[in-house]
Structure formats: structure tokens, C-alpha cells
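Derivation of every value follows stated rules applied to the coordinates shown; laboratory data play no part. Keep in mind that this is a model prediction, so the values were computed, not measured. Counting neighbours? That spans all protein chains shown, and the Cβs are built from the backbone with ideal geometry, glycine included.
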Amino acid sequence: MSAPDWLQRVADTSHDDIPLVRRLAGLAHGRQSAVLMLFGPSDDGGQDVVLTERAATLRKHAGQVSFPGGTIDDTDDGPVEAALREAREEIGLDTDGVEVVGQLPRLPLSVTGFSVTPVLAWWPRPSSILAVDPAEVARVVRVPLEALLDPAHRFTATHPSRAFAAPAFEVDGLYIWGFTAIVLSETFDLAGLTRPWDEHDERVVPERFMTR
């Protein structure tokens, strides 16, 4: 099964035409990292995306939901190789079965001081994945796109101490906010998949995330 048209459409979008790039213009770029946005067919005939939940015992970003990924090492040949390597290390992904479709532009992440390149990929025949190191990743989840696109699961997350307000999701106990939610929301917009949702439904980020 080849990558769906909507994913190829996102990959083919000119970086100058991506609203998120314009909103982040002027922010400083820090140490480079990459994440893998891995989409694939689900058992129910739909599609899903792979997300990880960080271990609750970590000193930074404990319990937060993110894409597999990490720092681009000197030995990596760019963001794609780094994202695939990190996915092998974090979730045991067999990257031979992954089709890289493209990349979103490098995005500055002011909170951590990193610049993150999201790598778009399609997983035509999903195989086994797991949390390789439970001290780092608590669980790995394939989240149905249908659930993420459901307006009932969408809201605006607010973070008073940082005057932060951005799209967020809550699906099956996963609270998805910050960079991960912003990039997912932008991807759905570019793909033409977004359904109208109540952006005025504002909810404060849970304390367990605000203090980490």
C-alpha cells in the first residue's frame, strides 16, 4: 500500500506556504534534532500515527506525549537518518519497512532550545513496536487519525505562566499538547483533513506537565 495522497500533499507543500513556519519566523534555531511522524494503515481500515509517552520518572518532560526522535548526531547523515535511528532505539522499529515521504521545515522549539525537523513517513505493513527502554519511554501507541480528527477530542491548551495557547488533543488517556499537538494540527490542516472544532474551548494544561 503506497502512501496516501494527503500525506504526499503535505510533503509537497512549499515551506513558504506553511502557516506554522511564518508564525515561528524570527525565533532562534538551536541544536538540531529530528522526529519521525510515522503514519500507517490500522486494523479497522483507517489510518494511525505512532506516538510515545515519556516515562513519568524523567527529569524533563515527564509523561509527555511525543513523536519518536532525538538529537541529530555527528554520525547521522541528516534529519531522516537521525529520526529513523532514534525510532529503532526507542521503539524497536524495523525501519526497512518504512517509506520516507518527505520533511517539514526545521522548526525552532524555544522551550528546549532545539530546532526540530519532522520527518514524514508511511508504514505500509506495520510490524511489532515496543518501549525498548521503559526508563525513557513508558509506552508506544498507534493513535487512530479518526480519533485525533474527532472535534470532541480537540481543544485549545493554555499555559498561563508562558502565555501559551495552542491546539491540543485528548484521546484514550493521552494528553497531547505542545510541539507534538501543534505539528499534528498543522499537518491535518495542510492535508485538508481538519474538521471544524471549537477553538474557544480553552483548557489549562494539567499541573503535572506545567511543573516538569
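The fraction of Cα-Cα pairs per 5 angstrom bin, counted from 0 for segment 46-89, comes to 5, 21, 21, 20, 19, 11, 3, 0 percent, rounded to whole percents. Over all orientations, segment 79-212 has a Cα convex hull whose mean projected area works out to 9.0 square nanometres.
By DSSP, the beta bridges lying fully in the chain are antiparallel in about 70 percent of cases.
Per-residue ellipticity at 222 nm from helix content only, as computed over the chain with -39500 (n - 2.57) for each DSSP H run of at least four residues, stands at -6500 deg cm²/dmol. Going from the fewest other Cβ atoms within 10 Å to the most, the residues S115, S128 appear in the order S128, S115. Annotation: peptides 194-203, 3-12, 82-91, ranked by per-residue average of other Cβ atoms within 10 Å with the highest first, follow the order 82-91, 3-12, 194-203.
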